[in-house]
Amino acid sequence: MIFLITVLSASVFIDHGFTALDHSQEDPLELFVGVDVAYYNLDEMYELIDEISTYTNLFVIGAKRISYNETKLIETCQYLYDHDMYFIIYSDSSYRLQLISDIEKKYGDHFLGVYFDDEQG
């Protein structure tokens, strides 16, 4: 019994006392703060991006009229990328898999994925 208590005490002391971690070599935690926009007016959307890009880093493209229009979608993704923002695309269909794959290749880690079909039934 005394042996067990000694081992447990020693392991706690060693774990917390002698093994101080050097956090200076670790990558900072990525935290995403942003907005979900589901309206179609691109001029207003770009104005919003200009305004919020200084204090947010995430934008959800929630308008179907953008996410299903390849030209508008690519244009919006590029605008977000140029503002160093991460983005998610809303979709309620899987028929655009090739386009999504192309976006992932072009924008890399700035494209966080697809927000799929949020309202069932």
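Conditions (1) in contact with a helix residue (DSSP H, G or I) (Cβ under 6 Å, 6 or more places away or on another chain); (2) within 18 Å of GLY34 (Cα to Cα), marked per residue:
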| site | (1), (2) |
| --- | --- |
| ASP82 | no, yes |
| MET85 | no, yes |
| TYR90 | yes, yes |
| LYS106 | no, no |
| LEU112 | no, yes |
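Taking TYR90 as the residue in question, decide whether it is modelled with pLDDT under 95 and in contact with a Gly (Cβ under 7 Å, 6 or more places away or on another chain). Yes; evaluated as a whole, the condition is true for this residue. Scanning the range 50-98 for residues that are aliphatic (A, V, I, L, M) and either surrounded by 17 or more Cβ atoms within 10 Å (Cβ to Cβ) or assigned to a strand (DSSP E or B) (or both) yields ILE52, LEU58, VAL60, ILE61, ALA63, ILE66, LEU73, LEU80, MET85, ILE88, ILE89.
Residue count for the range 39-49, restricted to those that are loosely packed, with under 15 Cβ neighbours inside 10 Å and in contact (Cβ under 8 Å) with a residue 12 or more places away in the chain: 2.
The values are calculated or read from the model by the stated rules, or taken from the named source; none is laboratory data. Fair warning: this is a prediction, and the values are worked out from it, not measured in the lab. We place every Cβ from the backbone using ideal geometry, glycine too, and count neighbours over all the protein chains shown.
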